[in-house]
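Peer 1: Below is a structure I'd like to ask you about.
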Amino acid sequence: MIELVRTDSTNHNFVELVSLLDADLHVRDGDDHSFYAQFNKINAIRHVVVAYDNQLAVGCGAIKAYSSDTLEVKRMFVLPEFRGQGIARIVLAELEQWAAELGYASLILETGKAQPEAITLYTKSGYQVIPNFGQYENIENSICMRKPVAQRAANER
């Protein structure tokens with residue numbers, strides 16, 4: 001059974017998983033990796049979810065402020081040997097729930113064309129492709145997506 005823990009970017013399991021993510025992305029992105037890496041620093045991220053299977057950290061994701069009403073999904077990763085079990089979907093749903101609890105209207109994200117499994121996850125989770133935003137605006141290999149967040153009523157919080 002997967003256990004989700006809400007934490008922040010000081011969580012040592014999150015730091016270790018992100019290190020593995022960066023190694024994977026370095027291979028996938030090739031020469032473009034250093035460009036993307038500059039936008040993926042994890043210092044001071046306040047909203048992190050780590051997924052555990054029998055106390056082993058197997059996946060993670062984070063959200064951070066992009067604007068006053070939008071959060072950006074960052075650092076989504078599942079250990080290769082645990083992929084295909086729905087862990088990323090569970091982590092993403094928890095991040096979406098957290099965003100709703102925080103009162104944000106939408107989530108945005110950037111992923112790469114070299115990450116077809118991520119594109120599938122986000123599409124199946126209701127994200128729609130949008131024009132590339134911010135630093136990704138003219139980047140050919142980037143795909144940006146957005147999803148509205150279902151707001152919870154004040155009495156449900």
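Peer 1: Apply the Karplus parameterisation 6.51 cos²θ - 1.76 cosθ + 1.60, with θ equal to phi minus 60°, to every residue of segment 73-88 and state each ³J(HN,Hα) to the nearest whole Hz, in sequence, with x for glycine and proline.
Peer 2: Running phi through 6.51 cos²θ - 1.76 cosθ + 1.60 with θ = phi - 60° gives 7, 9, 6, 6, 7, 10, 3, x, 6, 10, 6, x, 10, x, 5, 4 Hz.
Peer 1: Among DSSP beta bridges whose residues both lie in segment 2-156, state the antiparallel percentage, nearest 5.
Peer 2: Of those bridges, close to 90 percent are antiparallel.
Peer 1: By counting other Cβ atoms within 10 Å of each Cβ, how are Y104, Y122 ranked from fewest to most?
Peer 2: Result, fewest neighbours first: Y104, Y122.
Peer 1: Write down Rg/Rh for segment 2-156, rounded to two decimals, with Rg from the C-alpha atoms and Rh from the Kirkwood relation over Cα pairs.
Peer 2: Rounded to two decimals, Rg over Rh is 0.94.
Peer 1: Going by how many other Cβ atoms sit within 10 Å of their own, how do S9, S106 line up, fewest first? Mind dumping the intermediate values first?
Peer 2: Details: S9 20, S106 15.
Ranked by crowding around the Cβ, least crowded first: S106, S9.
Peer 1: A further question on this structure: Between T10 and Q135, what FRET efficiency comes out of the Förster formula 1/(1 + (r/R0)^6) with R0 = 35 Å and r the beta carbon distance, rounded to 0.05? Write down the numbers at each step before the final one.
Peer 2: Values: r = 25 Å, r/R0 = 0.71.
Efficiency computed from Cβ-Cβ geometry: 0.90.
Peer 1: Determine, for Y52, Y136, Y127, the number of other Cβ atoms within 10 Å of each Cβ, and report the residues in order from fewest to most.
Peer 2: If I rank by nearby Cβ atoms, fewest first, I get Y52, Y136, Y127.
Rule-based calculations on the coordinates, nothing more; no lab input. This one's a predicted model, so the numbers in the text were calculated from it and none came from an experiment. With ideal geometry, Cβ positions are generated from the backbone for all residues, glycine too; neighbour counts draw on all protein chains shown.
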